[in-house]
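The values are calculated or read from the model by the stated rules, or taken from the named source; none is laboratory data. Just so it is clear, the structure is predicted and the values come from calculations on it, not from any experiment. Cβ coordinates were reconstructed from backbone atoms using ideal geometry, including for glycine residues, and neighbour counts include every protein chain displayed.
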Amino acid sequence: MDAHCHLDLPAFDADRAAVWARAVAAGVGAAVVAGIEPAGWPAQRALVAANPALRWTAGLHPCWAHTVPLADALAALPAAFEGPDAAVGVGEIGLDRRRAFAPHLDAQRAAFRGQLAVARALDRPVVLHVVRAHGEALDRLRADGLPRAGGMVHSFSGSAEVAQAYVALGLHVSFTGALAHPTAHRARAAAQAVPLSRLLVETDAPDQPLPGAPDRNEPAQLVAVLAALAALRGVSVAALGAATTANAQALFGERPRATPRGPE
């Protein structure tokens with residue numbers, strides 16, 4: 001299972017069905033479509049309703065936190081978890097200290113805390129986006145608490161010690177094709193340190209293409225991510241794929257489906 005991608009984005013509008021067909025042909029059986037901001041949530045739900053292999057999460061991404069009235073986003077969030085084809089997690093949420101987004105840290109912090117509170121109230125897993133802010137994010141998670149359902153740190157590229165700190169809180173840690181870069185020393189060490197029961201894999205498509213791959217990433221590339229991770233851990237791709245899929249399914253659970261209607 002691709003634990004984190006953005007198959008709903010305009011980058012896939014021209015050939016979305018073909019993209020997913022390539023993923024299935026490559027052996028990718030399911031994917032989680034991660035949320036960015038409230039305006040995109042209806043399209044995510046519609047996409048999932050049309051494809052039983054997909055699930056989605058609803059959240060206000062830290063890089064968009066300053067663009068949306070937080071009160072409105074928080075008020076709309078619970079409805080994403082109601083009805084058929086509902087969201088299965090809260091995210092992406094978190095903190096991003098990259099130069100372009102650092103001026104909006106106060107908005108990010110407020111959105112992070114507010115969505116954490118909703119996740120705890122609804123007991124839904126969180127999907128964390130944390131860039132150059134792991135210390136602050138860990139402090140916040142320890143202070144405020146996580147939902148019992150846990151969550152995942154997506155696209156992890158920090159140290160083994162930081163990965164273990166997230167695992168100690170009960171979180172899963174997810175890795176991308178960045179592992180295929182020979183210079184990704186910290187992420188590669190972290191990928192070896194995370195317990196198998198807490199490992200996830202993702203493409204983050206259309207972002208984060210593997211070295212030498214087309215600029216637009218696709219869920220089909222999850223097989224290459226698995227291959228890189230399996231080589232690091234000294235296990236077979238098949239065994240690792242089965243384990244990470246089971247982990248993702250356990251984390252996100254069964255997605256709500258429409259109740260079949262009987263004859264009228």
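The residues listed here are Pro195, Pro211, Pro182; of these, the one that is over 19 Å from His129 (Cα atoms), at pLDDT 95 or above and not acidic (Asp, Glu) is Pro195. Pairing residues of the range 168-187 that are in contact (Cβ under 8 Å) with a residue 12 or more places away in the chain with residues that are surrounded by fewer than 24 Cβ atoms within 10 Å (Cβ to Cβ) and of a type in the set (Phe, Trp, Tyr), at Cβ distances under 7 Å and at least 6 apart in sequence or on separate chains, gives no pairs at all.
When the test is whether a residue is closer than 18 Å to His172 by Cβ, at pLDDT 95 or above, out of contact with any Ser or Thr (no Cβ under 6 Å at 6 or more places or on another chain) and surrounded by fewer than 18 Cβ atoms within 10 Å (Cβ to Cβ), Arg148 passes it.
With respect to (1) surrounded by 16 or more Cβ atoms within 10 Å (Cβ to Cβ); (2) at positive phi, the lone exception for Gly170 is condition (1).
Only one of the numbered conditions (1) surrounded by fewer than 13 Cβ atoms within 10 Å (Cβ to Cβ); (2) over 25 Å from Ala246 (Cβ atoms); (3) not aliphatic (A, V, I, L, M) is not met by Arg97, and that is (1). Only residues that are in contact with a Gly (Cβ under 8 Å, 6 or more places away or on another chain) and small (Gly, Ala, Ser) were counted across the range 199-229, and they come to 3. The requirement of being of a type outside the set (S, T, N, Q) and modelled with pLDDT under 95 is satisfied by Pro84. Residues in the range 53-71 that are out of contact with any helix residue (DSSP H, G or I) (no Cβ under 7 Å at 6 or more places or on another chain) and in contact (Cβ under 8 Å) with a residue 24 or more places away in the chain: Ala53, Thr57, His61, Cys63, Trp64, Thr67.
The residues in the range 222-239 that are in contact (Cβ under 8 Å) with a residue 40 or more places away in the chain and either closer than 21 Å to Gln208 by Cα or within 18 Å of the chain's Cα centre (by Cα) (or both) can be counted, and the count is 7.
Screening Leu95 against (1) in contact with a Phe, Trp or Tyr (Cβ under 9 Å, 6 or more places away or on another chain); (2) of a type in the set (A, V, I, L, M); (3) closer than 30 Å to Ala239 by Cβ leaves a single unmet condition, (3). Restricting the range 1-35 to residues that are among the aliphatic types (A, V, I, L, M), under 24 Å from Ala76 (Cα atoms) and out of contact with any Leu (no Cβ under 7 Å at 6 or more places or on another chain) leaves a set whose member that is surrounded by the fewest Cβ atoms within 10 Å (Cβ to Cβ) is Leu9.
Each row is one residue, and each column tells you yes or no for (1) out of contact with any Cys (no Cβ under 9 Å at 6 or more places or on another chain); (2) surrounded by 13 or more Cβ atoms within 10 Å (Cβ to Cβ).
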position: Leu200; (1), (2): yes, yes
position: Asp204; (1), (2): no, yes
position: Asp215; (1), (2): yes, no
position: Ala227; (1), (2): yes, yes
position: Ala231; (1), (2): yes, yes
position: Ser236; (1), (2): yes, no
position: Leu240; (1), (2): yes, yes
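Of the residues making up the range 229-264, those that are at pLDDT below 95 and farther than 16 Å from Pro52 by Cβ are Arg261, Gly262, Pro263, Glu264. Does Phe112 meet the test of being closer than 30 Å to Arg216 by Cβ, in contact with a Lys or Arg (Cβ under 8 Å, 6 or more places away or on another chain) and at pLDDT 95 or above? So Phe112 fits the description; yes. Checking each residue in the range 36-91 for being surrounded by fewer than 17 Cβ atoms within 10 Å (Cβ to Cβ) and in contact with a Gly (Cβ under 7 Å, 6 or more places away or on another chain) picks out Ala53, Leu70.
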